[in-house]
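Student: Quick one: this structure, given as C-alpha cells, is what I'll be asking you about.
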Amino acid sequence: MKNIFKIIVCVMAVSLTFSSCTKTSKRINDLTIVQALAVDGNENNAEVSLQYLNLFAGSSASDQLSGNITSLTKGKGSNISEAVFNTSKTVSNDVFFGQNKLIVFGFDWSKNNVSSGIDYLLKSKDSRPDVLAVIGYPSAEEIVRSKEKSAQIPAENIYSLIKLGEENGHAAAVTVADILNLYNDETSDIFFPVLKAEKDNVKCIGTAVFSGDKYAAFLGEEETFAFLTVKNRFKRGIITFDVPNIGKVSVEVTSSRAKKSIEIKNSKIIFRIKIKTRLIINEAGKTVKKPLKEEDNILIQTACEKKLESICNSTVKKCFNNRSDPFMCARYLYYEDIGLYNKLKDNWQNYLNNIEVKSEVSSSLQRVSNNTAT
C-alpha cells in the first residue's frame with residue numbers, strides 16, 4: 001500500500017483543521033498528537049503516560065507505514081495537569097489532545113483518587129466529552145503500552161474493543177460526559193469498564209462501580225452482562241447455563257429491553273426490573289445426536305429466563321450492598337414519591353441496602369436449525 005504515510009498526514013491535517021483547539025493553526029510536525037492518556041500514582045503524586053502519534057516511526061524509504069506508529073512519553077507531578085505539562089520536557093513539540101481517544105485510570109490509583117481524575121475531566125482545557133474513560137488493571141500504563149498485536153495505532157484498537165464490547169455485553173463504553181453527568185447527580189454513582197493487558201493485547205474483564213468518589217465493587221464478566229442488561233446498554237450477547245437432562249446450553253440474546261420502576265409496598269421500596277428479550281439457541285449439549293423437542297425448548301427458555309433474573313437481581317443487589325447506585329434508582333423514586341425521595345436523598349447511599357430488587361424476564365425463543373419461533 002503505497003503512499004500511506006502521505007495519506008495519514010493529509011487525514012490528520014483535515015481532522016486538525018476542524019478541531020476547536022487553538023493549537024490547530026500549527027503544522028502537524030509541530031504537535032505531539034495524543035491518542036491515549038494513562039494516569040497512575042498515589043495520593044501525593046500523579047504519573048501520566050501519553051501514547052502519541054509518531055508518523056515517522058513506521059515510515060521507510062518506500063513511503064509505506066507498517067507496524068506501530070505511536071510512541072510513549074511519561075511525566076510526573078503533584079496532580080494530573082502538572083504531570084501532563086511535565087511531559088512536554090520529554091517531547092519536542094506542544095502536546096495536543098484534540099484527537100485523544102482514551103483516558104485510562106490505574107486500578108490502584110482510582111480506588112482513592114478518582115475525585116482527582118473527575119476534577120481534571122471537569123476543569124482541564126484538554127478534556128473532551130466524547131473521550132472514553134476506562135480503568136486499567138493493575139495499572140493504566142500497561143494498557144497504553146500494549147502493542148495490540150502490532151496495530152498502527154493501539155489506542156484506536158482499544159477504543160473499538162470497548163465500543164464493540166458494549167454491543168456484545170462485555171464492557172460498558174463510558175464517555176467523559178457520562179462520568180460527569182453521573183458524578184454531578186447527587187444520588188447516582190459512576191462506573192468504568194476495566195481492561196487488562198495480556199501479552200500483546202488488551203481484554204475487557206469487567207466493570208468497576210463506585211460509591212461517591214470511593215471504589216465500591218468489581219463486577220465480573222457475567223455480572224457485567226447483567227449490568228448492561230439492566231441499563232439497556234447492549235445489542236446482543238451470549239449467556240450459557242446448564243439445563244437438566246439437556247446439558248450446557250448457550251443462548252444468544254438478540255434484543256433486550258429493561259423497564260425499571262419503583263414500587264412502595266408496606267413502607268418497603270422495591271426496585272422492579274421488567275426485561276423483555278428475544279433468544280436464539282446456539283448450542284445445546286445433546287442436540288447433535290438427539291434434536292431438541294418442543295418440551296426441551298420450553299425447558300431451555302424457562303431456564304434462561306430464571307438465569308437472567310438471578311444474575312440481574314444479584315448484580316443490582318451487589319451494587320446496592322456496596323452503597324453504589326449506578327442505575328439511577330433514586331430518580332425512579334423521585335417520580336414515584338417525591339416526598340420520600342426528599343426524605344432519603346441525603347442518606348441515599350446508606351439506605352440502598354434496604355431496597356428489595358425484583359427482576360422479571362419474559363422472552364421469545366427461536367431455534368437456528370428450523371427458524372421457528374416459540
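The values are calculated or read from the model by the stated rules, or taken from the named source; none is laboratory data. Because the structure is predicted, anything quoted here is derived from the model rather than measured. Reconstructed Cβ throughout: ideal geometry from the backbone, glycine too, with neighbour counts over all protein chains shown. In case anyone asks, the SASA skips ligands and DNA or RNA and just uses the protein heavy atoms, side chains included. Shrake-Rupley method; radii C 1.70, N 1.55, O 1.52, S 1.80 Å.
Student: Hey, Val249 hits all of (1) under 30 Å from Ser116 (Cβ atoms); (2) of a type in the set (A, V, I, L, M, F, W, C); (3) open to solvent by less than 30 Å² (accessible area, probe 1.4 Å) but one; which does it fall short on?
Tutor: (1)
Student: Being in a strand (DSSP E or B) and touching a Phe, Trp or Tyr at 6+ places or on another chain (Cβ under 6 Å) is the filter; apply it to segment 176-198 and report the residue that is farthest from Val114 (Cα to Cα). Step through it out loud before you land on a result.
Tutor: So the first thing to find is which residues in segment 176-198 are in a strand (DSSP E or B), and the list is 191-198.
If we keep only those that are touching a Phe, Trp or Tyr at 6+ places or on another chain (Cβ under 6 Å) too, we end up with 194, 196.
Numbers: Val194: 14, Lys196: 18 Å.
Checked segment 176-198; the qualifying residue farthest from Val114 (Cα to Cα) is Lys196.
Student: Something else: Which residue, of Ala133, Ala173, Ala155, Ala208, is touching a strand residue (DSSP E or B) at 6+ places or on another chain (Cβ under 9 Å), assigned to a loop (DSSP other than H, G, I, E, B) and modelled with pLDDT of 95 or more? Full working, then the answer.
Tutor: On the way: Ala133 fails: assigned to a loop (DSSP other than H, G, I, E, B); Ala155 fails: assigned to a loop (DSSP other than H, G, I, E, B); Ala208 fails: assigned to a loop (DSSP other than H, G, I, E, B).
That would be Ala173, the only listed residue that is touching a strand residue (DSSP E or B) at 6+ places or on another chain (Cβ under 9 Å), assigned to a loop (DSSP other than H, G, I, E, B) and modelled with pLDDT of 95 or more.
Student: Would you pick out the residues in segment 232-287 that are assigned to a strand (DSSP E or B), charged (D, E, K, R) and farther than 30 Å from Tyr334 by Cβ? Before you say what the answer is, go through the steps one by one.
Tutor: First pass over segment 232-287, keeping only residues assigned to a strand (DSSP E or B): 237-243, 247-265, 268-284.
Right, trim to charged (D, E, K, R) and you get 242, 248, 252, 257, 259-260, 263, 265, 268, 272, 274, 276, 278, 283.
Once the filter is applied, which keeps residues that are assigned to a strand (DSSP E or B), charged (D, E, K, R) and farther than 30 Å from Tyr334 by Cβ, segment 232-287 yields Asp242, Lys248, Glu252, Arg278, Glu283.
Student: Is it the case that Leu102 is out of contact with any Leu (no Cβ under 8 Å at 6 or more places or on another chain) and modelled with pLDDT of 90 or more?
Tutor: Numbers: out of contact with any Leu (no Cβ under 8 Å at 6 or more places or on another chain): no; modelled with pLDDT of 90 or more: yes.
When the stated conditions are applied, Leu102 does not pass them.
Student: Among the residues of segment 194-227, which ones are on the phi > 0 side of the Ramachandran plot and surrounded by 19 or more Cβ atoms within 10 Å (Cβ to Cβ)?
Tutor: In the first step, residues of segment 194-227 are kept if they are on the phi > 0 side of the Ramachandran plot; the result is 199, 206, 212.
Of everything in segment 194-227, just one residue is on the phi > 0 side of the Ramachandran plot and surrounded by 19 or more Cβ atoms within 10 Å (Cβ to Cβ), namely Gly206.
Student: Might you check whether a residue that is outside any helix (DSSP H, G or I), of a type outside the set (Asp, Glu) and touching a Lys or Arg at 6+ places or on another chain (Cβ under 7 Å) occurs anywhere in segment 79-87?
Tutor: Pass one, segment 79-87, residues outside any helix (DSSP H, G or I): 79.
Of the ones still in play, those that are also of a type outside the set (Asp, Glu) are 79.
Next, from what is left, pick out any that are touching a Lys or Arg at 6+ places or on another chain (Cβ under 7 Å): none.
Among the residues of segment 79-87, not one is outside any helix (DSSP H, G or I), of a type outside the set (Asp, Glu) and touching a Lys or Arg at 6+ places or on another chain (Cβ under 7 Å), which makes the answer no.
Results for (1) within 11 Å of Asp40 (Cα to Cα); (2) of a type in the set (D, E, K, R); (3) crowded, with 18+ Cβ neighbours inside 10 Å; (4) without any contact (Cβ under 8 Å) to a residue 60 or more places away in the chain, shown as yes or no for each residue.
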{"residue": "Ala83", "(1), (2), (3), (4)": "yes, no, yes, yes"}
{"residue": "Val91", "(1), (2), (3), (4)": "no, no, no, yes"}
{"residue": "Phe97", "(1), (2), (3), (4)": "no, no, yes, no"}
{"residue": "Asn100", "(1), (2), (3), (4)": "no, no, yes, no"}
{"residue": "Phe105", "(1), (2), (3), (4)": "yes, no, yes, no"}
{"residue": "Ser110", "(1), (2), (3), (4)": "yes, no, yes, no"}
{"residue": "Asn113", "(1), (2), (3), (4)": "yes, no, yes, no"}
{"residue": "Gly117", "(1), (2), (3), (4)": "yes, no, yes, no"}
{"residue": "Leu121", "(1), (2), (3), (4)": "no, no, yes, yes"}
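Student: What do you reckon, is Asp242 acidic (Asp, Glu) and surrounded by 23 or more Cβ atoms within 10 Å (Cβ to Cβ)? Please lay out each step first, then the result.
Tutor: On the way: acidic (Asp, Glu): yes; surrounded by 23 or more Cβ atoms within 10 Å (Cβ to Cβ): no.
Taking the combined requirement at face value, the residue does not satisfy it.
Student: Kindly indicate the residue of segment 300-340 that is surrounded by fewer than 19 Cβ atoms within 10 Å (Cβ to Cβ) and of a type in the set (A, V, I, L, M) and also nearest to Asn181 (Cα to Cα) among those meeting that condition.
Tutor: Looking at residues that are surrounded by fewer than 19 Cβ atoms within 10 Å (Cβ to Cβ) and of a type in the set (A, V, I, L, M), I get Met328.
Student: OK, next. Determine whether Glu156 is open to solvent by 20 Å² or more (accessible area, probe 1.4 Å) and within 18 Å of Thr175 (Cβ to Cβ). Show your work before the answer.
Tutor: Numbers: open to solvent by 20 Å² or more (accessible area, probe 1.4 Å): yes; within 18 Å of Thr175 (Cβ to Cβ): yes.
Here the answer is yes, as Glu156 does meet what is asked.
Student: Follow-up. Within segment 159-186, how many residues are open to solvent by less than 10 Å² (accessible area, probe 1.4 Å) and not hydrophobic (A, V, I, L, M, F, W, C)?
Tutor: Keep residues of segment 159-186 that are open to solvent by less than 10 Å² (accessible area, probe 1.4 Å), which gives 162, 165, 169, 171-174, 176, 179.
If we keep only those that are not hydrophobic (A, V, I, L, M, F, W, C) as well, we get 165, 169.
Result for segment 159-186: 2.
Student: I need a count of the residues in segment 211-221 that are within 14 Å of the chain's Cα centre (by Cα) and not in a strand (DSSP E or B). Before you say what the answer is, go through the steps one by one.
Tutor: Narrowing segment 211-221 to residues within 14 Å of the chain's Cα centre (by Cα): 218-221.
Pick out the ones that are also not in a strand (DSSP E or B) and you get 220-221.
So the answer is 2.
Student: Can you pull out every residue in segment 139-153 that is among the hydroxyl-bearing types (Ser, Thr, Tyr) and either open to solvent by 40 Å² or more (accessible area, probe 1.4 Å) or within 14 Å of the chain's Cα centre (by Cα) (or both)?
Tutor: The one that is among the hydroxyl-bearing types (Ser, Thr, Tyr) and either open to solvent by 40 Å² or more (accessible area, probe 1.4 Å) or within 14 Å of the chain's Cα centre (by Cα) (or both): Ser150.
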